[in-house]
Amino acid sequence: MLNLTDRAVDVIREVCQGEYQGLRILVRKGCSGLTYSMGLEEQAAEDDEVVGVADVKLFIDPGSALWLTGATLDYIADSSMGSGFVFDNPNAVPPPSGCSCSAGSCG
């Protein structure tokens, strides 16, 4: 399933601060490749996979879980692009050349 670096675990723990049970991760495939959404949750949904690392929980829906196998979530601080979570995902493939959302042929 999804691997987390120690930095990612520390940041998720800090953000949850006892107010939330865990972090939801959603993955969608679109015309520009995989997109990731994240949000704090008070509880897991009935069909979620719950991934526990130390005292941190991730809630992942079944469709997203397929895209996260073998991926790693890290937290990068103070890079030239700012700071935030970064996915290293071997399942992410570049979109086909010439693919455009306006063409209606991508999915």
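Could you please report the charge total around Val86, scoring K, R as +1 and D, E as -1 over all other residues with beta-carbon less than 11 angstrom from its beta-carbon? Display every interim value, and only then the final one.
Numbers: positive: Arg7; negative: Asp74, Asp88.
Every neighbour counted, the sum reads -1.
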Exercise. Given labels modelled 7 Å from the Cα in the Cβ direction, how far is it in nm from Asp61 to Met1?
Worked result: 1.7
Exercise. Taking the chain as a Gaussian network, where each spring joins two C-alpha atoms under 10 Å apart, which residue of Ala54, Ala71, Ala92 fluctuates the most?
Worked result: Ala54
Seminar exercise, completed: The answer for the net charge of residues other than Asp61 whose Cβ lies under 13 angstrom from its Cβ, with Lys and Arg +1 and Asp and Glu -1, is -3
For this session: Could you calculate the contour length gain from Glu42 to Asp88, that is, 0.36 nm times the residue separation minus the distance between their Cα atoms, to one decimal place in nm?
Result: 13.9 nm
Seminar exercise, completed: HN-Hα couplings for region 83-88 via Karplus (6.51, -1.76, 1.60; θ = phi - 60°), in whole Hz with x for Gly/Pro, come out as 10, x, 6, 9, 9, 10
Seminar exercise, completed: Against the 2.2 N^0.38 Å rule of thumb, the C-alpha Rg of the chain sits at a ratio of 1.16
Seminar exercise, completed: About its Cα centre, the chain carries a charge dipole, from +1 on Lys and Arg Cβ atoms and -1 on Asp and Glu Cβ atoms, whose size in debye to the nearest 20 is 500
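Taken together, the values in this text are just the output of simple stated rules run on the coordinates, not laboratory data. Since we're looking at a predicted model, the values are computed, not measured. When we count neighbours, we look across all protein chains shown, and the Cβ atoms used for this are built from the backbone with ideal geometry, even at glycine.
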